[in-house]
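Heads up: the structure comes next, in structure tokens.
The values are calculated or read from the model by the stated rules, or taken from the named source; none is laboratory data. Predicted model, so just to flag it, every value in this text is computed and none were measured. We place every Cβ from the backbone using ideal geometry, glycine too, and count neighbours over all the protein chains shown. What goes into the accessible areas is simple: the full protein's heavy atoms, side chains included, and nothing from ligands, DNA or RNA. Shrake-Rupley method; radii C 1.70, N 1.55, O 1.52, S 1.80 Å.
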Amino acid sequence: MSRIGRMPIAVPAGVTVDIAENNHVTVKGPKGTLERTLPTEMEIKLEGSEVTVTRPNDLKKMKSLHGLTRTLINNMVIGVTEGYTKELEVNGVGYRASKSGKDLTLNLGFSHPVVMTDPEGLESKVEGNKIIISGIDKEKVGQFAAEIRDKRRPEPYKGKGIKYVDEVIRRKVGKTGKK
């Protein structure tokens with residue numbers, strides 16, 4: 001049996017979980033509301049302050065959906081209680097990030113500044129050379145962080161570009177002169 005899928009999801013106080021038909025799960029909490037339609041084959045039950053996910057049979061597809069379904073619900077519960085954050089770091093001479101209203105302006109060595117608008121439900125802050133993205137939906141936070149990083153990925157020679165704070169860039173040795 002799936003080790004992750006078997007684990008019950010504890011629902012903290014102040015969080016309500018509603019399971020409608022076709023496994024449409026709505027999670028309401030202090031930070032907001034998240035909705036998602038999960039695979040209909042899985043059986044999702046709310047028992048007291050715990051949510052359990054069970055699978056109908058041991059087919060490979062059902063096994064893979066079991067852990068996924070449980071993790072998605074758990075991420076929704078964590079999102080509405082604590083929220084998610086991703087931190088990016090801007091490295092490079094003349095590379096800057098600034099914030100005005102909902103617009104994030106990135107100066108990344110191009111002939112023009114790159115302007116990105118915060119998606120619905122997400123918030124970004126700039127502190128020095130760090131960009132902090134926060135929101136309640138784990139998927140959206142990760143996606144927006146990846147889109148910002150894609151504007152100028154870190155390069156292996158000088159390490160210039162936008163990288164995650166916990167990311168380690170594999171450095172390469174540059175050219176050597178002739179002897």
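Computed quantities for the displayed model
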read-out: Criterion: open to solvent by 70 Å² or more (accessible area, probe 1.4 Å) and more than 30 Å from GLY29 (Cβ to Cβ) - qualifying residue of SER98, SER111; value: SER111
read-out: Matching option when the condition is of a type outside the set (Val, Ile, Thr) and open to solvent by 60 Å² or more (accessible area, probe 1.4 Å), among LYS158, LYS163; value: LYS158
read-out: Count of residues meeting criterion [of a type in the set (A, V, I, L, M, F, W, C) and either assigned to a helix (DSSP H, G or I) or free of Cβ contacts under 8 Å to residues at least 60 places away in the same chain (or both)] in the stretch 72-93; value: 6
read-out: Test set (1) assigned to a strand (DSSP E or B); (2) of a type outside the set (Lys, Arg); (3) under 30 Å from ARG36 (Cβ atoms) - THR69 fails condition number; value: (1)
read-out: Residue count for the stretch 83-95, restricted to those that are at pLDDT 95 or above and open to solvent by 60 Å² or more (accessible area, probe 1.4 Å); value: 3
read-out: Leading residue by the ranking (farthest from VAL80 (Cα to Cα)) among those in the stretch 35-54 that are under 19 Å from the mean Cα position of the chain (by Cα) and open to solvent by 20 Å² or more (accessible area, probe 1.4 Å); value: THR37
read-out: Scope the stretch 16-46; condition without any contact (Cβ under 8 Å) to a residue 24 or more places away in the chain, out of contact with any strand residue (DSSP E or B) (no Cβ under 9 Å at 6 or more places or on another chain) and of a type in the set (D, E, K, R); matching residues; value: GLU21
read-out: Meets criteria (open to solvent by 80 Å² or more (accessible area, probe 1.4 Å), of a type outside the set (Asp, Glu), in a loop (DSSP other than H, G, I, E, B) and touching a strand residue (DSSP E or B) at 6+ places or on another chain (Cβ under 9 Å)) for LYS140; value: no
read-out: Top-ranked residue of the stretch 116-137 - restricted to ones that are of a type outside the set (D, E, K, R) and in a loop (DSSP other than H, G, I, E, B), ranked as nearest to THR71 (Cα to Cα); value: ILE136
